1. Which order do you get for Phe52, Phe99 if you rank them by accessible area with a 1.4 Å probe, largest at the top?
2. Could you run the Karplus curve 6.51 cos²θ - 1.76 cosθ + 1.60 with θ = phi - 60° over segment 65-70 and give me ³J(HN,Hα) per residue in whole Hz, x for Gly and Pro?
3. Can you tell me the accessible area per residue over segment 44-127, all protein chains present, probe 1.4 angstrom, in square angstrom?
4. To the nearest 0.05, how large is the calculated FRET efficiency for Arg45 and Ser112 if R₀ is 25 Å and r is the Cβ-Cβ distance?
5. For Ile131 and Arg73 in one chain, what is 0.36 nm times their gap in residues minus the Cα-Cα distance, to one decimal in nm?
Amino acid sequence: MRQGWSGRSRRAASLGALTAALWLCVGGLFAGPPVQAAGGGCTGRLARTVPFDAGELRIYKSRNQACAVTVARTPGGRRGMAVSIQPRGGAPVRDVGRFTRYAGPVTVGAISRCVYVKGGVGTASIDSGWILC
């Protein structure tokens with residue numbers, strides 16, 4: 001009795017693995033650029049950037065959501081950072097803590113709704129007012 005794979009089975013398995021690897025490579029070549037914040041993780045298009053002394057507040061908008069991230073001007077040690085986004089008529093969603101680069105992302109449903117965004121790094125802070133109306 002023979003154990004193991006026959007020559008034909010080995011060739012078929014190798015060909016299958018090679019085909020799968022080629023499909024992965026070709027798929028990577030034709031994939032579009034990712035729609036994501038460089039450091040934040042929000043999807044959608046960058047709708048507004050609100051700069052302030054210690055960093056900037058980035059607001060992204062997709063078809064049905066708004067997302068916000070506070071990004072420190074100079075990444076470094078952990079420090080107090082915050083970001084908050086509130087749809088008109090809804091409750092705010094916050095991310096507050098001690099971070100090195102950014103706070104967030106925070107996301108809310110915002111189909112045809114204005115949003116109010118706040119962000120801060122250390123003692124410096126900023127708010128956007130009602131935007132994306």
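1. On the way: Phe52 20, Phe99 50 Å².
Largest accessible area first, the residues go Phe99, Phe52.
2. 9, 10, 9, 9, 9, 9
3. Details: 4480 Å² over 84 residues.
With the other protein chains kept in place, segment 44-127 gives 53 Å² per residue.
4. Values: r = 17 Å, r/R0 = 0.67.
The pair Arg45/Ser112 has a calculated efficiency of 0.90.
5. Details: separation 58, 0.36 × 58 = 20.88 nm, distance 2.28 nm.
Between Ile131 and Arg73, full extension yields an extra 18.6 nm.
The values are calculated or read from the model by the stated rules, or taken from the named source; none is laboratory data. Here the structure is a predicted model, which means the values were calculated and not measured. Here Cβ is always computed from backbone atoms with ideal geometry, including for glycine, and neighbour counts include all displayed protein chains. Only protein heavy atoms, including side chains, enter the accessible area calculation; ligands, DNA and RNA are left aside. Shrake-Rupley method; radii C 1.70, N 1.55, O 1.52, S 1.80 Å.
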